[in-house]
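To keep things clear, I will list the structure first and then write my remarks on it.
The values are calculated or read from the model by the stated rules, or taken from the named source; none is laboratory data. Since this is a predicted model, take the numbers as computed values, not measurements. Here the Cβ positions follow ideal geometry from the backbone for every residue, glycine too, while neighbour counts run over all protein chains shown.
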Amino acid sequence: MSNKPLQHAYRQLLARYENHFEFAVTLTLKQSITIQNEHTGSMGTIIRLTDSTLNSTIVRFTTFLTRYLYGNAAKRKATQDTAKPLLIIVREGVNNDKREHLHIALGNVPDHKKADIEQLIKEAWSQCDFAHQQINVQPIHDATGWTHYITKEIGHGNNDALDLVASTIPQIH
């Protein structure tokens with residue numbers, strides 16, 4: 001069932017932030033991981049990617065990326081509202097045959113970190129258990145185009161694609 005009004009509403013919401021989008025990021029996810037038993041050293045426990053494990057993966061990634069971009073400024077009371085990245089997170093591939101992945105509109109990156117942003121993203125992503133090695137980071141030249149691309153599944157079987165709870169929107173001056 002198509003739900004074009006929802007897709008349009010989300011695109012209107014994101015349009016408010018498009019002037020602040022700097023990087024288009026795609027992060028792929030492992031569908032399961034195998035945990036090694038610490039005491040015996042044996043492999044065996046398989047953990048599948050679920051909503052819960054995906055949510056914790058996103059929180060972990062966001063925490064590490066924020067730390068890499070802002071250091072202790074993200075913790076200080078005086079700067080914590082502005083010392084965080086703009087992260088609009090979209091979960092794709094949930095209800096279809098695609099590998100699950102995240103599309104992110106990233107902004108509010110400190111100028112002195114922009115040249116190294118791909119490496120910082122890779123380092124933050126590598127800290128996550130369900131991180132797959134496929135990562136794509138590109139500068140955004142057409143924010144509206146990226147918004148339309150990342151919201152393409154909304155209204156077409158994945159109405160929960162835009163993860164507003166996991167997204168972060170700093171106070172941008």
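So here's what we get for this one:
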quantity: Ala105 vs. criteria buried (at least 22 other Cβ atoms within 10 Å of the Cβ) and in contact with a Phe, Trp or Tyr (Cβ under 9 Å, 6 or more places away or on another chain); calculated: yes
quantity: Selection count where residues are within 26 Å of Asp51 (Cβ to Cβ) and surrounded by 13 or more Cβ atoms within 10 Å (Cβ to Cβ), scope the stretch 108-148; calculated: 17
quantity: Sole residue being out of contact with any helix residue (DSSP H, G or I) (no Cβ under 7 Å at 6 or more places or on another chain), outside any helix (DSSP H, G or I), among the basic types (Lys, Arg) and closer than 26 Å to Thr147 by Cβ, chosen from Arg60, Arg99; calculated: Arg99
quantity: Breaking point among (1) more than 14 Å from the chain's Cα centre (by Cα); (2) surrounded by 19 or more Cβ atoms within 10 Å (Cβ to Cβ), for Gly71; calculated: (2)
quantity: Qualifying positions in the stretch 84-129 - in contact (Cβ under 8 Å) with a residue 60 or more places away in the chain, of a type in the set (A, V, I, L, M, F, W, C), out of contact with any Asp or Glu (no Cβ under 9 Å at 6 or more places or on another chain) and more than 19 Å from Glu18 (Cα to Cα); calculated: Ile121, Ala124, Trp125, Cys128
quantity: So Val109, is it closer than 24 Å to Gln12 by Cα and in contact with a Pro (Cβ under 9 Å, 6 or more places away or on another chain); calculated: yes
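Every residue, every condition in (1) part of a helix (DSSP H, G or I); (2) of a type in the set (Ser, Thr, Tyr); (3) at pLDDT below 95, yes or no:
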{"position": "Thr40", "(1), (2), (3)": "no, yes, yes"}
{"position": "Thr45", "(1), (2), (3)": "no, yes, yes"}
{"position": "Gly71", "(1), (2), (3)": "yes, no, yes"}
{"position": "Asp81", "(1), (2), (3)": "no, no, yes"}
{"position": "Ile88", "(1), (2), (3)": "no, no, no"}
{"position": "Asn95", "(1), (2), (3)": "no, no, yes"}
{"position": "His103", "(1), (2), (3)": "no, no, no"}
{"position": "Leu106", "(1), (2), (3)": "no, no, no"}
{"position": "Asn136", "(1), (2), (3)": "no, no, no"}
